[in-house]
Amino acid sequence: MATIAAKSIARRPGALYFPLVTSLMVALSVLAFSDNLFTDIGQPSNSDPKMIVHSIFAAAWVIGFAAQSWLIYLGRIAAHRRLGQWIFAVAAGMVVTTVYLFVAKFRGFAAMDAEVLANRLLMLVFIACAILAYRRRSRPDWHKRLLLIGTMALLEPVLARVYDPIFGPFLPAVMSEQLDNGLFLAFLFSAWLALLGSLWIYDRRVMGKVHPVTLAGSSAIIAINLAVHLA
């Protein structure tokens, strides 16, 4: 029966979208933190307890989300539901450790640059999405989009750290701070919009319209970034 269910799911339009986009986020995360994992394991953050605990929860979340997407694609619904309870516990742990990092590292809003402030506000998007996703777990169309939008809201640290590995070799050795910052922000927001846009395209393909979660979540992410970076 599981094989039949998997074949049925695989035949649906865009069936591979969620497994592939969540796997892409895992790959981007590995690339972003490859120095911590492989090339510079002696750096101070690797021996900081609060960073280690946060990293464990963040890694468990992104890997668990991808695993859940593949379980659905393969028709392993029972396994998906069993793992789901633990995944939401991981989400709670990630929120708590992230909030602790905000409090421990930045004393008040005046100590935060625009990226950090945006991340603090975008954490609220993740929290809202996670709570709603848990309550809408009997509605797959809402459940999976809420979790994906919530995860995309937290991608700034990942996207920021893949900028140098991807584009660093092609950038001029000497350039103004203004140009450097402009190129970085152009990459950051283009990558973010590409990921959000992929969900819009998926919705149009499978539904013929943009899902309310996609519309509201994308709008929240864009609005928060615009408000913070243009303030």
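Where a number appears in this text, it was derived from the coordinates with a stated rule and is not lab data. The shown structure was predicted, so the numbers you read here are calculated from the model rather than taken from an experiment. Cβ: placed from backbone, ideal geometry, glycine included. Neighbour counts: every protein chain shown.
The length gained by stretching the chain between Ala89 and Lys105 to full extension, at 0.36 nm per residue less their Cα-Cα distance, is 3.3 nm. Angle of helix 212-229 to the longest C-alpha principal axis of the chain, folded into 0 to 90 degrees and rounded to 10: 0°. Listed by chain and number, the aspartates and glutamates whose alpha-carbon sits under 19 Å from that of Lys105, ignoring those within fewer than 8 places in the same chain, are Asp48, Asp113, Glu115, Glu156. Which shape class, rounded, prolate or oblate, goes with the chain when its Cα gyration tensor gives a ≥ b ≥ c as root eigenvalues, a/c under 1.5 marks rounded, and past that a/b bigger than b/c marks prolate? Taking the square roots of the gyration eigenvalues as a ≥ b ≥ c, the chain is prolate.
Extension gain, Arg82 to Phe170, is 27.1 nm, computed as 0.36 nm per intervening residue step minus the present C-alpha separation. Available extension along the chain between Ser34 and Arg204 is 57.7 nm, counting 0.36 nm per residue and deducting the alpha carbon span. Candidates Ala220, Pro165, Val210 compared by Cα position along the dipole of the range 2-229: farthest toward the positive end lies Val210, with charges placed on Cβ.
Here the 3J(HN,Hα) profile of the range 150-158, calculated from phi with Karplus coefficients 6.51, -1.76 and 1.60 at θ = phi - 60°, is x, 5, 4, 5, 9, 7, 4, x, 5 Hz, Gly and Pro shown as x.
Sorting Glu156, Glu177, Glu115 from the fewest to the most surrounding beta carbons within 10 angstrom yields Glu177, Glu115, Glu156. For Leu16 and Ala227, the FRET efficiency from 1/(1 + (r/R0)^6), where r spans their Cβ atoms and R0 equals 30 Å, is about 0.30. Each peptide in 27-35, 69-77 was scored by the mean count of other Cβ atoms within 10 Å over its residues; highest first, the order is 69-77, 27-35.
Listed values for the range 53-66 are Karplus-derived 3J(HN,Hα) couplings in whole Hz (6.51 cos²θ - 1.76 cosθ + 1.60, θ = phi - 60°), namely 5, 4, 4, 4, 5, 5, 5, 4, 5, 5, 6, x, 5, 5, and x replaces Gly and Pro.
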